[in-house]
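> A single structure is presented below for examination.
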């Protein structure tokens, strides 16, 4: 008995969660810098929609919203968060988010999208560790189960790899430092760029003659990299070096002694000194504060809509964190919890700072976005938007099943937008492509902040797919609504399905009034009402 | 060990701009705040300058247009004719422009670098600035960014072209996709500008009223700038929908159609005039297939009059409407054509000495600039690179290309080649 008690006391201490929970400490530090009153806690509808979107990428169904609203358990939010994080939908949605963040929709290298997504999803279904993910991507060889991780390094272009590693894993947009010290960020030096570069400049693709697969291999590093600022006349040299770290000495081997394994099957010999492998290890070390800070900042951004340091790729002292103490705390805890992404996401979701209403506090007209006094509205990602449009209008079930027939001609996408192609796409894949063409940024461009656009507005307003989905058919929302009698029941079903909340009294009145005025075209009028919600700001934003 | 490009400075990409500005030109609102140095922005706002770039893709022969030399060994079969400027001759293929030569300027000593189409088109349209490792915007996107929309209800940069249209982001370079162009394929606007079939004007108005009501409620309790930005994009979409008649070919005066010509280039230049009248800041009109490697003379005889008539008509119309003083019209290509006539009776690519035509917005009237060697093959006075032309264009638009800078993430990027100057001889 005594032993059991002893274990009960000690276990939490040993496993690290005896320490004070993180979420209340987040809240304390946020409130301390709020500089005024903060918004009330979100109501259940607002919270439910937000957390579903953030954790699973999907708006809730009317049924789910109703049951969440009716649930009187006091711990229902925490339970929901745990359930969502454990769901497959979490893995799918965070695969979208991490994929867009890390690849920026570029289709590079030999790994297919499917293989890459499977790799991420497998991680996200288990216990995803930010450091391990990064290590697998940066150190990828193409061997073993982590083979798809090599997609991150794309075509193994040395400069692209240098810039991507710096920007996405260190929060340093070092592009400018290729040719000279950064002109406005004093601490970003040209030596940082070339130090990273010389970890990567031996890497190339090679094809195995037996299995015909492409792998990432390293050549033999013989000497340091020299570089020269365009503003200076003298050359400088550097070996592999991380920002803030020590230069790695390049060992010299006697001729013939450079290799650990000889060349085989068309692949070159494996050198004893493999700088990229060292980079993967040291970059992702818990002692690399740049790496830890960037990881914290990016996950915080994904949940809160804004980085503690923003823009995300300008992590330097001239662009300090909005909450330095909080940043320190989060970095410490993230390391203590072994870079556990799910743990961190959960703690953020449990915080009052995350669960605040997006409505302004009473009497407050304007707030600074850096203060987190309200929830910051996030634009739905293109992926979220497509799913939300289909789900809200009740067309998801049949539309996502649409498959291209084998002999289908290639759909003329450009013609679809210019009016020379009058067809409607017949596969979900094509429909998805049209959405991405409209709402996604061009490949290679980060998607961080909300960029509305004329074409994006016009698409939701006038696209013929959207019009079609707002006609009663195949058990969709409008068909369901046509079977309801009272304006109240119609309004409730519509608002719950589309906005995940019950309508206010005056909104019910608006519905009643509109249906009354359009009683000769009832189904069409229901479509109009749904169209107005679909194109509304409330729908478009994850608020 | 590693090759280091000798850039004078380098720029950082694009997203810094979009991040801070929320909305680009395709979105509706254009802020000056983060991009331009204070003071300049206010100055620009007061001015109302517009641009029409007529782009002859592939390259028009200078010998068969603005610089005929029938007596020289390279002259070709066409005669030269007198123009409205005493002592100045154009090719007989441009009789209409010859009548209004006193309203335009011609630079006969363009001396550019790139003899390849694939690299030459973007190089020229970006003004060939010093390489800073970033992708510069094409002229239209640059003007859209630097000046914003002239009419806040219309996109600042439209591109009229044969073939397909749509929203084309890539011209914007580091400015970010929202400074791309709305391309009117064969003059037609994107399909989504049209009210869907089966939605009447009344229904459209009614359902937008419902949308606005919903937005009003949502916004009442919230302060985020995303909300305004999103609503603005709809407001602009509706304004464009309401103005879609400006794209409607059938609404054009038949007499105008006759004067401009019924071929695509004529129709498109006429449409450009209407869009300029509507207040679009920058319009590019593209014509393709000017690459006369074979059969140059028959092709020129067919093609060049298709430019001549509508170009002259445009200049006259802009003047009649009092618009020429603030509207810059540019006729150019990625290069000229070789003096030597090849074995297929064609002329090849020739960046070394070629001609462009300019009018309006502070361009001199009736100035013919530049001396060439007798046979027109080489520049014999000062040669002008595309950077000089960009300095000229920006200066005429009220910008100071020596001082105005793109500001991206705290970095300043020159808007035109650092080592070039405006072409003073062509400016009033």
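> What residue, of A:177, A:221, is within 13 Å of chain B (Cβ to nearest Cβ), touching a helix residue (DSSP H, G or I) at 6+ places or on another chain (Cβ under 7 Å) and part of a helix (DSSP H, G or I)?
Answer to the check: A:177.
> Right, something else. Restricting attention to the range B:362-385, which residues are outside any loop (DSSP other than H, G, I, E, B) and either at pLDDT below 95 or more than 11 Å from residue B:426 (Cβ to Cβ) (or both)?
Once the filter is applied, which keeps residues that are outside any loop (DSSP other than H, G, I, E, B) and either at pLDDT below 95 or more than 11 Å from residue B:426 (Cβ to Cβ) (or both), the range B:362-385 yields B:372, B:379.
> Tell me, yes or no, whether the range A:124-135 has at least one residue that is away from chain B (no Cβ under 14 Å) and within 18 Å of residue A:273 (Cα to Cα).
Yes, the range A:124-135 contains a residue that is away from chain B (no Cβ under 14 Å) and within 18 Å of residue A:273 (Cα to Cα).
> Determine which member of the set A:165, A:225 is within 15 Å of residue A:241 (Cα to Cα) and under 31 Å from the mean Cα position of the chain (by Cα).
So the residue among A:165, A:225 that is within 15 Å of residue A:241 (Cα to Cα) and under 31 Å from the mean Cα position of the chain (by Cα) is A:165.
> So which of A:235, A:272 is outside the structural domain of residue A:320 (by TED's automatic domain parsing), in contact with a strand residue (DSSP E or B) (Cβ under 8 Å, 6 or more places away or on another chain), surrounded by fewer than 13 Cβ atoms within 10 Å (Cβ to Cβ) and over 21 Å from residue A:285 (Cα atoms)?
After applying the criteria, what remains is A:235.
> Restricting to the range A:323-357, name every residue that is part of a loop (DSSP other than H, G, I, E, B), within 21 Å of the chain's Cα centre (by Cα) and closer than 22 Å to residue A:38 by Cβ.
In the first step, residues of the range A:323-357 are kept if they are part of a loop (DSSP other than H, G, I, E, B); the result is A:323, A:337-339, A:351, A:357.
Those still in the list that are within 21 Å of the chain's Cα centre (by Cα) too: A:337-339, A:351.
Scanning the range A:323-357 gives a single hit, A:351.
> When only residues in the range A:436-455 that are outside any loop (DSSP other than H, G, I, E, B) and surrounded by fewer than 20 Cβ atoms within 10 Å (Cβ to Cβ) count, which is farthest from the other protein chains (Cβ to nearest Cβ)?
A:436
> In addition: Out of A:480, A:501, which single residue is farther than 30 Å from residue A:419 by Cβ, part of a loop (DSSP other than H, G, I, E, B) and modelled with pLDDT of 95 or more?
On the way: A:480 fails: part of a loop (DSSP other than H, G, I, E, B).
A:501 is the lone residue from the list that is farther than 30 Å from residue A:419 by Cβ, part of a loop (DSSP other than H, G, I, E, B) and modelled with pLDDT of 95 or more.
> In addition: Of the numbered conditions (1) facing chain B (nearest Cβ under 9 Å); (2) part of a helix (DSSP H, G or I); (3) surrounded by fewer than 20 Cβ atoms within 10 Å (Cβ to Cβ), residue A:160 fails exactly one; give the number of that condition.
Of (1) facing chain B (nearest Cβ under 9 Å); (2) part of a helix (DSSP H, G or I); (3) surrounded by fewer than 20 Cβ atoms within 10 Å (Cβ to Cβ), only one is false for residue A:160: (1).
> Then there's this: Counting only residues that are buried (at least 22 other Cβ atoms within 10 Å of the Cβ), give me the helices (runs of 4 or more DSSP H) lying completely in the range B:237-339 with at least 2 of them.
Of the helices (runs of 4 or more DSSP H) lying wholly inside the range B:237-339, those with at least 2 residues that are buried (at least 22 other Cβ atoms within 10 Å of the Cβ) span B:264-278, B:296-320.
> With respect to the numbered conditions (1) more than 8 Å from chain B (Cβ to nearest Cβ); (2) at pLDDT 95 or above; (3) closer than 23 Å to residue B:223 by Cβ, which one is the sole condition not fulfilled by residue A:358?
The failed condition is (1).
> Any chance you could count how many residues in the range A:224-238 are touching a residue at least 24 places away in the same chain (Cβ under 8 Å), in a strand (DSSP E or B) and more than 7 Å from every other protein chain (Cβ to nearest Cβ)?
2
> Okay, next question. Could you pull out the residue among A:48, A:68 that is touching a helix residue (DSSP H, G or I) at 6+ places or on another chain (Cβ under 6 Å), surrounded by fewer than 21 Cβ atoms within 10 Å (Cβ to Cβ) and on the phi < 0 side of the Ramachandran plot?
A:68
> Looking only at the range B:162-171, which residues are buried (at least 23 other Cβ atoms within 10 Å of the Cβ) and either more than 9 Å from every other protein chain (Cβ to nearest Cβ) or closer than 14 Å to residue B:236 by Cβ (or both)?
B:171 - this is the single residue of the range B:162-171 that is buried (at least 23 other Cβ atoms within 10 Å of the Cβ) and either more than 9 Å from every other protein chain (Cβ to nearest Cβ) or closer than 14 Å to residue B:236 by Cβ (or both).
The values are calculated or read from the model by the stated rules, or taken from the named source; none is laboratory data. Just so it is clear, the model here is predicted, and its values are computed rather than measured. We place every Cβ from the backbone using ideal geometry, glycine too, and count neighbours over all the protein chains shown.
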